[in-house]
Amino acid sequence: MATPHENVPPANLEGKFIAIVVCWLLGNGCLFSWNSMLTIGDYYSYLFPKYHSSRVLTLVYQPFAFGVLSVLAYKEAKINTRRRNLFGYILFFISSLLVLVLDLATSGKGGLGTFIGLCAISGAFGVADAHVQGGMVGDLSFMHPEFVQSFFAGLAASGALTSALRLITKGAFENTRDGLRKGALVFFSLSTFFAFLCVLLYAFVFPKLPIVKYYRSKAASEGSKTVSADLAADIEILQAEEDPKQLERLSNKELLLQNIDYALDMFLIYVLTLSIFPGFLSEDTGSHSLGTWYALVLIAMYNVCDLIGRYIPLLKFLKLESRKGLMIAILSRFLLIPAFYFTANYGDQGWMILLTSFLGLTNGYLTVCVMTSAPKGYKGPEQNALGNLLVLFLLGGIFAGVTLDWLWLIGKGW
């Protein structure tokens, strides 16, 4: 078992609140571009009516994210975290810009060539996500638990913000091809700007905060090599103790075996969620009085409740930390599959909205409970490695979920 290593900084360190805000913005930036692409699914459905764009783009994204993160998690101890995260955020910026350029260059026309270009950009988003999400979670896992919570809240907030913006743009622009395109261009422009903002925040603001310097110096003193570039950028490195035991750490295999239940938790949370969201909610919920607004409302409710769920664990008496309790709660969510099936076929839109809200609420709540509980009791380098491993299982669950999502199409003539 790991020995206790408390993540409690000296009381006089400044920058905790600013760090929480920056972590939220960096989490938001990690998925803002991708969520923008998902949220304007009605525009892509109009351009590519035969290609199941919401499902295909997600299915292209995930193998790149999972494959690249598998390599990065294996090599985690030797990778420069600063370069890794900066590369990811810069790639997000370039890819977001390319989506905008592609639409402008083709004058908003569909076709196979445009769709293939869009799929290539979706793959680039996956590569960027693998660098940033794993790198940031690993980095934040040896810092204050609220930093990890704030980063994951930012991930959810990107979905909520893009959904809110989509509802606004859909209301502002008439529901025509030209109106859909104007709304999409607003999204592309905002996601490009936000990705660039995240590059600046991570490069020049986050590493200079006193509380971040403290945690990175502490991790270096415990033998971490991943923080060297951040330390060299702006920090006087604390010298590691001479005792070689101070620099020893558990291997990735040992960490995984000790936390296999947490890893399975992350996999199962997301395999269920992504087998329903967004593909099923976009295409398979039937026709209702809300018309073309229906899928947008469902996705917005999921995203808002996912965000709310990620703040519930901040209330200590509502946070679930029991390993057995977490597993039971996560397995219980699989009852949502028959619930969604029967509601889509026999229920009305009110019940579907309620189920979708519950899906989002439990997804956000359980994610934060697992990610803030798992790293406790380990040294900095071990917490970094464990953070990468948990995100790997998270992305593995997403990949499996978006693949299983195609099963909803059985018997529908495709």
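At a probe size of 1.4 Å, how large is the accessible area of Ile328, to the nearest 10 Å²?
100
How far is helix 380-404 tilted off the main Cα axis of the chain, in degrees rounded to 10, range 0 to 90?
The angle comes out near 20 degrees.
Name the shape class, rounded, prolate or oblate, that the alpha-carbon gyration tensor gives for the range 91-189, where a ≥ b ≥ c are the square roots of its eigenvalues, rounded holds for a/c under 1.5, and otherwise prolate holds if a/b is larger than b/c and oblate otherwise. All intermediate terms of the calculation are to be shown ahead of the outcome.
Values: a/c = 3.77, a/b = 1.63, b/c = 2.32.
It comes out oblate by the Cα gyration axes.
Evaluate the distance, in nm, between pseudo-label points positioned 7 Å from the Cα of Ile260 and of Ser332 along their respective Cα→Cβ axes.
With each label point 7 Å from Cα toward Cβ, the separation is 2.5 nm.
With every protein chain kept in place and ligands, DNA and RNA left out, what is the accessible area per residue of the range 32-155? Probe 1.4 Å, answer in Å².
33
In terms of modelled amide H atoms, which long-range or inter-chain residues lie less than 5 Å from the amide H of Tyr378?
His5
Note the listed values [x] 32.5; [y] 21.8; [z] 25.9, then indicate which one is Kirkwood radius over Cα pairs in Å calculated from this particular structure.
Matching the structure shown: [y].
Students often get this wrong: which residues of the range 201-216 have the backbone nitrogen under 16 Å from the point 7 angstrom along Cα-to-C-beta of Leu13?
206-216
Can you tell me, using C-alpha contacts under 8 Å and at least 6 residues apart, the relative contact order of the range 130-230 as a whole percent?
Rounded, it is 19 percent for the range 130-230.
Using a 1.4 Å probe over the heavy atoms of the protein chains, calculate the carbon and sulfur portion of the accessible area of the chain as a whole percent.
The nonpolar share, carbon plus sulfur, comes to 69 percent.
Given the pairs Lys75/Lys319; Lys225/Lys316; Lys213/Lys253; Lys225/Lys253, which are separated by over 27 angstrom at their Cα positions? Write down the numbers at each step before the final one.
Working: Lys75/Lys319 33 Å; Lys225/Lys316 33 Å; Lys213/Lys253 29 Å; Lys225/Lys253 19 Å.
From the list (Lys75/Lys319; Lys225/Lys316; Lys213/Lys253; Lys225/Lys253), the Cα-Cα distance tops 27 Å for Lys75/Lys319; Lys225/Lys316; Lys213/Lys253.
State the extension gain, in nm to one decimal, for the chain segment bounded by Tyr346 and Val21, taking 0.36 nm per residue of separation less the distance between their alpha-carbons. Could the numbers behind the result be given before it?
Numbers: separation 325, 0.36 × 325 = 117.00 nm, distance 4.36 nm.
Length gained, Tyr346 through Val21: 112.6 nm.
The values are calculated or read from the model by the stated rules, or taken from the named source; none is laboratory data. Quick caveat, the model's predicted, so the values are computed rather than measured. Neighbour counts run over all protein chains shown; Cβ positions are idealised from the backbone, glycine included. The protein model used for the area step is the full one, side chains on, heavy atoms only, and it has no ligands, DNA or RNA in it. Shrake-Rupley method; radii C 1.70, N 1.55, O 1.52, S 1.80 Å.
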